[in-house]
Every structure is written in C-alpha cells, then in structure tokens.
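The values are calculated or read from the model by the stated rules, or taken from the named source; none is laboratory data. Being a predicted model, the structure only gives us computed values, none of them experimental. Ideal geometry is used to build each Cβ from the backbone, glycine not excepted, and the neighbour counts take in all protein chains shown. We work out accessible area using only protein heavy atoms, side chains counted, and drop any ligands, DNA or RNA first. Shrake-Rupley method; radii C 1.70, N 1.55, O 1.52, S 1.80 Å.
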Amino acid sequence: MSANNAFHIAVLSGDGIGPEVMAPALEVLRKIEATSDLKFRFTDAPAGANNYAATGKSMPESTVRLCDEADAILLGACGLPSVRYPDNTEIMPQVELRFQFDLYAGVRPARLIPGVPSPIVGADRRGIDLIVIRESTEGLFASMGKGVVTDTEARETLVITRKTSERLFEFSFRLAERRKARGRPGRLTCVDKANVFKAFAFFREMFDEAASRHPGVKADRLYVDACSALLVKRPWDFDVMVMENMFGDILSDMTAGLIGGMGMAPSADIGDTHAVFQPCHGTAPDIMGKGLANPTAMILSAAMMLDWLADKHGHAGAAQAARAIEAAVDRAFAAGLRPCELGGGDGTAAIGDAVLRALSAPTG
C-alpha cells in the first residue's frame, strides 16, 4: 500500500472485450471507494495482441515494471486469434506474467449465483460453491515455447518440482482452512493421474505430506477422469480441489460451465508477493464492441483482488468490501438479471448498472 493509504492497482484492459468488461469493474471499485475507507490508485498499461501488432512485444517493459510495483494487477482479457507469434501460438501476456512473478497458484472459484441456471439437475437447490486451484507455472505448461517438433513427431515435457508443489499444497490447505472458518466443509481434493505417471505419484506423495501438517482439513484423492465424472453428477460434493496446470486448465473451464459459463467465472493467479486477477473468459472478438459482454466475472475478480489485499495487508475493510460486491452480484441476479449468453437481453451496461444499484441498496 502506498504512503497515502491507497492501493495501487495496475490495470491491463487488454484486447477484444477486455476493456469493455474492465470499465464496469472499475466503476464498482470506485463505488466502494466512495462508500468506505478504501482508496485506490489505478494506472492503465498496454498488454496483449494489439500491443504486439503495434510494437512486436506482448508487453512493454514499462508494463512489467508497473505490475512489479503495484499492489495488485487487474487484467481484462488478452489475445486475438488473428494475431500470432511466428510459431503460430497466441499472444498471452497473462501466462507470461505467471512466469515473470512466479504466480504458482491459479485460483478458479465456481459458485452458482442465485437466479443463474446450471446444466446440472438439482444444482439450484443443492448449490455449487467450489474452487479449483491450478498450479500455474509448471506441469505441462513448463514446456510452453520449448516443445520440439520434427517431421515425424512432437514432444512436450511435463515438469513437477518439489519446491513449487509444496508451496502449492500449503496455499491450498490454508485456503481450505479459511473456507472452513467461513462455514464451508474445509475439504481439499488432490486431482491427479498417480496410477499411471510417476510425476503424478510424486505430486500425490507431496500432497500426503502436506495433509499430515493440516489435520483440520479433510484430504481426499481422486484421479482426474473419475473427478470429471463426479463433477457433472454431484458438483456440490466438492469444496477445494488442487491439481497440475493442464488438468486445472481443463477442469476450471468445466466448472465454469456448471455455473453459467465463462462470463460468470472469476480467477486469480497468486504468488508469494504478486497476484493477477482476471475473468476466466477470453477476448471474444466476435462480440467486441457490441455491448453484449458479460462483466460479472471481471467484477467478481475485482472482489477476489480485495480479498487477497485484505489477507496480505490485514485490512478488514477490504475483506468486507469483497463480500459486499459478491452480495450485490447475488442480489442483482436474484432480481432477474440475465446476460445475453444465458438467453436474456442484458448486456454490459445493464449488468454493470444492476450491480452498482444493488451495491447502493440498503441490506438487512
């Protein structure tokens, strides 16, 4: 936190619908600022495919320095299908930031908001409130940009290290403990393929070691295929899940589908000193500029940012503000808000305005 007690936030709006969903999220944070003792200083910075097309870099050095110096990083969405590196991979500064700042814990909440339909029968009655924790710096993604391709084969290498895994599991057990203190089950499930691959047996072994240090958390183990089947049958049985990078990439999209889609799914990439907060969705160039983008995931990502800042700085007001934003989103959707991708007619401005009104409305 800066000397004037304002949290300095780096704002990377990115490409496509990124700037469109960022705008209402910043309005929500400014509303929080106007009605609490929290203060923010927002600094915009370029990143993404448009910046690459203009300069040949996904991010200028000034953006990286800003992200290093800021208290937290808000990111809209980056990348465009039409803009590629010479090896035909997408421009993904969000992934580069994970490696730049060692953001090893990808936190992907999936909570079914009142009034939002789920494809799972009974979910509206039983509820879905789980978190996928995805290791974000190694696993199969350790090979990003390093794979070897010949005329006859292609090879990518999966990497799992003790240092990263132990930090990941400590983070995951602490998160499960905090959720238990808030009334959730306090259960952590390790998702792997330890019956086939030595790397995942090693991963599970370290999970077991961490479990012995956290006896207050119920520790489960599931193979990724069995976990996938159970998620679409009984998602309400899950609390917190931790897994390797690629498995987390896949299952976090699956869990987003259980709660109404990517437009409802926030996320964070968290390390020991830095964190990036962004919606799970991409840049959606097909709806760019049409006012249709759902900003809910971006708004909830801002709430996650406040929660993280509260934990890092011991700021109770930031935690209260995070809960207030979540409650406002719940009230707005319970009152009938329906985004376009869910068959409704509410676009970006309507959703942002509804959350702002709910945030201003008296509770109790």
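Observations, loosely collected:
- When P295, P362, P339 are checked against the criterion of being at pLDDT below 95 and of a type outside the set (S, T, Y), a single residue qualifies: P362.
- Members of segment 35-67 found to be open to solvent by 70 Å² or more (accessible area, probe 1.4 Å), under 21 Å from A302 (Cβ atoms) and part of a loop (DSSP other than H, G, I, E, B), listed by number: T35, D37, K39
- Some residue of segment 284-298 being surrounded by fewer than 20 Cβ atoms within 10 Å (Cβ to Cβ), in contact with an Asp or Glu (Cβ under 9 Å, 6 or more places away or on another chain), touching a residue at least 60 places away in the same chain (Cβ under 8 Å) and on the phi > 0 side of the Ramachandran plot: yes
Rundown of residues vs (1) in contact with a strand residue (DSSP E or B) (Cβ under 9 Å, 6 or more places away or on another chain); (2) of a type in the set (S, T, N, Q); (3) in a helix (DSSP H, G or I), yes/no style:
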position	(1), (2), (3)
W308	yes, no, yes
D311	no, no, yes
G317	no, no, yes
Q320	no, yes, yes
L356	no, no, yes
L359	no, no, yes
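- Selection from segment 333-354 of residues that are open to solvent by less than 30 Å² (accessible area, probe 1.4 Å), touching a residue at least 24 places away in the same chain (Cβ under 8 Å) and in a loop (DSSP other than H, G, I, E, B): L337, G347
- Candidates are the residues of segment 258-283 that are closer than 26 Å to L222 by Cβ and out of contact with any Ser or Thr (no Cβ under 9 Å at 6 or more places or on another chain); the one that is least open to solvent (accessible area, probe 1.4 Å) is G261.
- L29 meets the conditions (1) open to solvent by 10 Å² or more (accessible area, probe 1.4 Å); (2) at pLDDT 95 or above in every case but one. The failed one is (1).
- Contact map, segment 185-210: residues that are in contact (Cβ under 8 Å) with a residue 40 or more places away in the chain and on the phi > 0 side of the Ramachandran plot paired with residues that are outside any helix (DSSP H, G or I) and open to solvent by 50 Å² or more (accessible area, probe 1.4 Å), Cβ distance under 8 Å, separation 6+ or inter-chain. Pairs shown: G186/K218.
- Checked against (1) at pLDDT 95 or above; (2) assigned to a helix (DSSP H, G or I); (3) open to solvent by 40 Å² or more (accessible area, probe 1.4 Å), D330 passes all but condition (3).
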